[in-house]
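The values are calculated or read from the model by the stated rules, or taken from the named source; none is laboratory data. Since this is a predicted model, take the numbers as computed values, not measurements. Glycine also receives a Cβ, built like all others from the backbone with ideal geometry; neighbour counts cover every protein chain displayed. For accessibility, only protein heavy atoms count, side chains too; no ligands or nucleic acids. Shrake-Rupley method; radii C 1.70, N 1.55, O 1.52, S 1.80 Å.
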Amino acid sequence: MIEALLNFSQSTGIYSLMNSPWGWPLAESIHFFGLCLLIGTVGLFDLRMMGFVREIPLAQLHALIPFGVLGYLLNVTTGTLFLSTAPDQYLYNPAVQSKFFFMLIAGINMLLFYGTTAAAVESVGVKNHTLLRAKIMAGISLACWCAVIICGRLITYYRPPYHWCLWC
Amino acid sequence: METLARLEETTLSIWLRESGPAFFGALTLHSLAMGFVVGINIAVALKLIGFVPRLEITAVARFFTFHWYGVAFIFISGIALLLAYPAKALTNPVFYFKLCALSIGLLISRHFQNKFAIQRKNTIDRRSIGLAYLCLALWIAVVTTGRFLAYTHTTLLASRFY
């Protein structure tokens, strides 16, 4: 796995780009900007669903979601750059594993939301509360994205991971 | 440099630097708060530029109340990070650039909050659109310089010079 990722990185020029003087910090900046985009769109939608700032109809805030998807794509792209350039630093790092876990939960939560609750929530107007299950889903979503940011910080701060990993 | 060396030898600075949870807590809080503050500003700027016509500006600007809580956390955690490694930031010109971009960005946020959330003006004039572009550029600069701080410092600890 590590070799396959490194080969991919070297054959596509990603490795040279990321090891250039500004490649890594530039990719990190784009990665964090993508997260801000995600929090500023999906996060605001979640906050409104949880019952904050009820002056905004939910359908209006939903118009911001495509920018959250854009932020997510920026994160996946830059995340691939990090992972393929230094796979040994990431694949066995419990912070990365936890980050992927929370992303998976957020993804499942989103599929459940669009499959079961989105239609009922779409009509929620000004000053109205959403369904309890929508509030719970919004809480899970927001908590997962905050956990993703925390795990992202853990990756670079607590290295090597054996000082704190619970399952290593 | 001597002042910075003295500052980093205070009990608080040593604790912030050497206690794992204190430094990591400040770092995480800073990232989370930045995510919310930058995110809310991007959402407002996207609306003003015209990317989200369905969204009412007077409504989305109400999120600025949350935004200021985020700003408070940014300053608290930022001061903690600065106290932990004062020489690292204060001897780096990138830090001052970040501070300038952040200050101008916050002044624009205050202007938008006052105009759209408090006075509830619903019309978006050319000046607001121009400020929204500037706001977007400034927050990108804040995020980028924030990341580059970790790579551009020339001095980590001032005390090693004494």
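The mean number of Cβ atoms from other chains found within 10 Å of a Cβ in peptide A:31-38 is 6, as a whole number. Taking only Cα atoms, what is the 0 to 90° angle, nearest 10, from helix B:20-49's long axis to the longest principal axis of chain B? Here the helix axis deviates by roughly 20 degrees. Annotation: residue A:135 carries an accessible surface of approximately 60 Å², with a 1.4 Å probe and no ligand, DNA or RNA atoms counted. The length gained by stretching the chain between residue B:103 and residue B:119 to full extension, at 0.36 nm per residue less their Cα-Cα distance, is 3.5 nm.
Could you compute Rg(Cα) / (2.2 N^0.38 Å) for the stretch A:1-66, with N its residue count?
1.73
Set the Förster distance to 35 Å, then compute FRET efficiency between residue B:15 and residue B:65 from the Cβ-Cβ distance, nearest 0.05. Between residue B:15 and residue B:65 the formula returns 0.60. Given R₀ = 22 Å, what would the calculated FRET efficiency be for residue B:127 paired with residue A:127, taking r from the Cβ atoms and rounding to 0.05? Here the calculated transfer efficiency is 0.10.
Explain nothing, just the number: relative contact order of the stretch A:18-96, from Cα pairs under 8 Å at least 6 residues apart, as a whole percent.
39 percent
Grouping the Cα pair distances of the stretch A:64-107 into 10 Å bins from zero gives a pair-distance distribution of 26, 50, 21, 3 percent in increasing distance order. Expressed as a whole percent, the accessible area of the protein assembly as shown that falls on carbon and sulfur atoms is 69 (1.4 Å probe).
Remark: mean inter-chain Cβ contacts per residue of B:14-26 equal 1, using a 10 Å Cβ-Cβ cutoff to other protein chain atoms.
Tell me the relative contact order for the stretch B:97-162 as a rounded percent, counting alpha carbon contacts under 8 Å between residues six or more apart. After rounding, I find 53 percent. The residue list A:69, A:37, A:47 was ranked by how far each Cα lies along the charge dipole of chain A toward its positive end, using unit charges on Cβ atoms, and A:47 comes out on top.
The charge dipole of the stretch A:1-149, taken about its Cα centre with unit charges on the Cβ of Lys, Arg, Asp and Glu (plus for the first two, minus for the last two), comes to roughly 520 debye.
Averaging 1/r over every pair of different alpha carbons in the protein assembly as shown and inverting the result gives a Kirkwood radius of 21.2 Å. Helices that extend 18 Å or more along their long axis by alpha-carbon positions and average at least 1.6 on the Kyte-Doolittle scale are absent among the DSSP H runs of chain A. With a 10 Å cut-off around each Cβ of B:137-144, the average count of Cβ atoms from other chains is 3. Taking only the alpha-carbon positions of the stretch B:1-110 and ignoring solvent, what does the Debye formula give for the base-10 log of I(q)/I(0) at q = 0.15, 0.16 Å⁻¹? Per q value, in the given order, log10 I(q)/I(0) is -0.73, -0.79.
Solvent-accessible surface of the protein assembly as shown, taken per residue with a 1.4 Å probe and all protein chains present: 48 Å². Using the Kirkwood radius over Cα pairs, work out the Stokes-Einstein diffusion coefficient for the stretch A:20-168 at 20 °C and 1.002 mPa s, in µm²/s as a whole number. Stokes-Einstein gives a translational diffusion coefficient of 130 µm²/s. In the stretch B:90-162, one over the average inverse separation of all distinct C-alpha pairs is 14.2 Å, which is the Kirkwood hydrodynamic radius.
Interface size between chain A and chain B, please: total buried accessible area, 1.4 Å probe, rounded to the nearest 100 Å². Walk me through the intermediate numbers first.
Values: alone 9810 and 9450 Å², together 15850 Å².
Interface between A and B: roughly 3400 Å².
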